[in-house]
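A short write-up of the structure that comes next.
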């Protein structure tokens, strides 16, 4: 589904990624772990098309990633550190704008369902500037999956969510996974990884240091994997 | 085209709707143009015929400075929550973002002109020499504004990456828009102050037309690289 081969990225004099080879199969849910500055978000941004790699190749559904291939872009859903939402607009207005960008015809039903799914139905006509961090994150999640992407790229998606929103979001991710959506999640939240993901990849200093299946493993084991101390099979 | 014009219209519509809701940019631009007109109307005696020679220049002073206020906000507001990245991860041609922003900026400046130019004429008791001049005058206003906004939109996107973008934009913009502004002021002066001014202004209009085509094409082609900075 997604493959990066010998991917490198240099910013200024700093080499952020040093030849990342990673293949994620269709329907997999993969957690990308690593300390700050390990290159997780950079790798995700390159796959999303927000950054250009210094060298290396990216393949989506077996095809080389091309900058002007908008059909490739359409299969991706990206949730970054920022919400991409407009403060002056309500959830409905925000999602309608993104529906136009994604050429979604008659998006009203989809928008109303998503707003309901993320628990913002009561606030759907209120301007986003009055929302809390958690509410904005819920809406940002709705924005990322509005166009029913085949691949979901999530950068620390649980940030700012309360416990209720976390379980709601995890349920949403598991539903998407059951529908065959490929999920790649950059995160530091080991509890959520064990709930949602099948596999964990640990980046250290721009290289893949660990790549293990984690389904059924305890959180403490994932923590050991992150620290580089896990006993792997 | 699906990934160019449809997103461009969506972005322009979004900007205009956001402005309709907040009225932040257009209010600032209108207040600025009102202040310029008021200051000049007190500084010069409007009954003096020689003062009418200032009107073409004042039209473009208002356009440039009110325009810069709008251009500065055009991309700095998009930086707030990384909105540009939101557009870039969507199936949108980067040139579509340029066209959308260009259209919204053009509308803002045209609205300011629609309000301020009649007010300027009124306060300075300015008479157009012939009714046929009005068509040429409107054409000149459009051509000059088009070129100014075409360059301004591209440079506003470039300047928005810098910390002092509001200071950087005029520094980058003024040298590049000088040709179109000179042509616009000269052409406006000719059609507003001379009986047969339209014929004399034709070469200036041709210059503006060529400038518009070249710089709109440059913005269209280069915008992708500006986003990558």
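Values in this text are rule-based calculations from the coordinates and carry no lab data. Fair warning: this is a prediction, and the values are worked out from it, not measured in the lab. So basically every Cβ, Gly included, is an ideal-geometry build from the backbone, and we count neighbours across all protein chains shown.
For peptide B:69-80, compute the average count of partner chain beta-carbon atoms within 10 Å of each residue's beta-carbon.
Numbers: counts 0, 0, 0, 0, 0, 0, 0, 0, 3, 2, 1, 5.
Per residue, the number of nearby Cβ atoms from other chains is 1 on average.
How many partner chain Cβ atoms sit within 10 Å of a residue's Cβ in peptide A:99-105, on average, as a whole number?
Numbers: counts 1, 9, 14, 5, 8, 0, 0.
For this peptide, the per-residue mean of nearby foreign Cβ atoms is 5.
By DSSP, the beta bridges lying fully in the protein assembly as shown are antiparallel in about 55 percent of cases. Principal-axis analysis of the Cα atoms of chain A puts helix A:108-117 at an angle of about 60° to the longest axis.
Springs join every pair of Cα atoms under 10 Å in this Gaussian network model of chain A, and among A:12, A:216, A:56 the largest mean-square fluctuation is at A:12. Between the Cα long axis of helix B:55-79 and the first principal axis of chain B there is an angle of about 10°, rounded to the nearest 10.
Given the DSSP H assignment, sum -39500 (n - 2.57) over each helix run of at least 4 residues in the protein assembly as shown and divide by its residue total; what's the result at 222 nm in deg cm²/dmol, nearest 500? Write down the numbers at each step before the final one.
On the way: 16 runs with 268 residues, N = 462.
Taken over the protein assembly as shown, the calculation gives -19500 deg cm²/dmol.
Projecting label points 7 angstrom from Cα along Cα→Cβ for residue B:31 and residue B:53 puts them 3.5 nm apart. Convex hull of alpha carbon positions in chain A: directionally averaged projected area 12.9 nm².
Rounded to the nearest 5, what % of DSSP beta bridges with both residues in chain A are antiparallel?
On the way: 21 of 38 bridges.
If I count the DSSP bridges inside chain A, around 55 percent turn out antiparallel.
Here, P(r) means the percent of Cα pairs in each 20 Å bin from 0 to the largest distance; for the protein assembly as shown it is 22, 46, 23, 8, 1.
Using only alpha-carbon positions in region B:2-227, the gyration tensor eigenvalues give semi-axes of 32, 19, 15 Å once each is multiplied by 5 and square-rooted (largest first). With a simple spin-label model that places each label point 7 Å from the Cα along the Cα-to-Cβ direction, the separation between residue A:126 and residue A:159 comes to 2.3 nm.
Let me confirm one metric for peptide B:145-153, namely the mean number of other chain beta-carbon atoms within 10 Å of its residues' beta-carbons. Working shown, then result.
Values: counts 0, 0, 0, 0, 0, 0, 0, 0, 0.
Rounded to a whole number, the mean comes out at 0.
Indicate the gyration tensor shape class of region B:52-168 (rounded, prolate or oblate), computed on the Cα atoms with a ≥ b ≥ c the square roots of the eigenvalues: a/c under 1.5 is rounded; otherwise a/b larger than b/c is prolate and the rest oblate.
Prolate.
Is the shape of region A:93-200 rounded, prolate or oblate, going by the alpha carbon gyration tensor and its root eigenvalues a ≥ b ≥ c, with a/c under 1.5 for rounded and a/b larger than b/c for prolate? Spell out each step's value before the answer.
Working: a/c = 2.04, a/b = 1.32, b/c = 1.55.
Since a/c reaches 1.5 but b/c is at least a/b, the shape of region A:93-200 is classed as oblate.
How far is helix B:197-228 tilted, in degrees, relative to the longest principal axis of the Cα atoms in chain B, given as a value from 0 to 90 rounded to the nearest 10? The helix B:197-228 is inclined about 20 degrees to chain B. Note on residue B:110 and residue A:15: their simple-model spin labels are 5.3 nm apart, each label 7 Å out from Cα toward Cβ. Each part gets one Cα centre, and for region B:107-182 versus region A:122-191 those centres are 44 Å apart.
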